[in-house]
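Scroll down for the structure; my scribbles are underneath it.
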Amino acid sequence: MLLCTVSNSQARSFDDIVASGTLRVGTTGDYKPFSFDNNGTYEGFDIAVAQSFADRLGLKLELVKTTWKTLMADLKADKYDIGMSGITRTIARQKEARFSQGYVMFGKTILVNRDNVARFKSLADVDVKGVRIGVNPGGTNEKFVKANIRNAEVVMFESNLAIPPAVAVKKVDVMITDSVEALYYAATDANLSAPLADAPFTRAELGYLMPASAERLQDTVDFMMDQMILKGEMADLRQQYLHMTE
């Protein structure tokens, strides 16, 4: 598994990918439990799935660093073949690219310090003057905040990974994020809680992002996902990384 920064101008065909001997996967490395940079080693649910894809295809996995701001631009510039980083399936992205089948259902919710659980019982409690919301630019979290928050203070963080620790030490009051991520942090940090995760503000799915022209690649990715489900591999990874049994 290598980290690279390849840049071309036209999406590779499925045959090109196989002939190259490498599968290039774009990932942000800042979104636990799907993709995170652990001191130079990328880990997480999507990284494990990416390795499984490469192994099934007999290819070497190359992880390409991208960001939420440049996710679509990097895909269109052919810097990677598949985006795998806990990416939400949205109409806006579908208009410019294509997605695999969904693999995790979730919704937007809040991550708060455990001392503030009683303070935040609804989204209305969050959108109050004096409340500080940590946001990473470029993704669906920022989009949700822009659409729904009018009164609270928005504090921007370049790295998504920096926001939960900031909530834990009360540098900010709230992180609005996907319920899967919120539950992960609540389960792994005693200072954090996801009190509204059972009733998220939205409903959506995660999927793997590919170029608009990559019909055969998408078919192959969906096929490999089905194989992983049939053989129990997907369930094992969901339990290992997401703490989910279904």
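The values are calculated or read from the model by the stated rules, or taken from the named source; none is laboratory data. Keep in mind the model is a prediction, meaning the values are calculated, not measured. Cβ coordinates were reconstructed from backbone atoms using ideal geometry, including for glycine residues, and neighbour counts include every protein chain displayed. In case anyone asks, the SASA skips ligands and DNA or RNA and just uses the protein heavy atoms, side chains included. Shrake-Rupley method; radii C 1.70, N 1.55, O 1.52, S 1.80 Å.
Quick look at the numbers
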{"item": "Rounded FRET efficiency, nearest 0.05, which uses the C-beta distance separating A199 from Q227 and R0 of 35 Å", "result": "0.55"}
{"item": "Exposure rule at most 16 other beta-carbon atoms within 10 Å, DSSP loop trypsin sites (Lys or Arg not before Pro): the chain longest free segment", "result": "1-68"}
{"item": "Two-decimal Rg to Rh for the chain - Kirkwood Rh, Cα set", "result": "0.98"}
{"item": "Gain upon complete extension [D189, S13; 0.36 nm per residue less C-alpha separation]", "result": "59.1 nm"}
{"item": "Mean residue ellipticity (222 nm) of the chain, computed from DSSP H runs ≥ 4 via -39,500 (n - 2.57), nearest 500", "result": "-9000 deg cm²/dmol"}
{"item": "The stretch 114-199, relative contact order [Cα under 8 Å, separation at least 6], %", "result": "33"}
{"item": "For the stretch 108-167, alpha-carbon Rg and Dmax in angstrom", "result": "11.0, 30"}
{"item": "Å² of accessible area per residue within the stretch 42-139, as computed with a 1.4 Å probe and no ligands counted", "result": "38"}
{"item": "Computed FRET value (nearest 0.05) for A212 with R132, which takes r as the C-beta separation and R₀ as 41 Å", "result": "0.60"}
{"item": "Shape call, the stretch 1-127: gyration tensor on alpha carbons, a/c limit 1.5", "result": "prolate"}
{"item": "Distance violations [Cα-Cα > 31 Å] among K79/K143; K32/K231; K69/K231; K32/K129; K60/K143; K76/K108", "result": "K69/K231; K60/K143"}
{"item": "Nearest-20 debye value, the stretch 130-243 charge dipole, Cβ charges on Lys, Arg, Asp, Glu", "result": "480"}
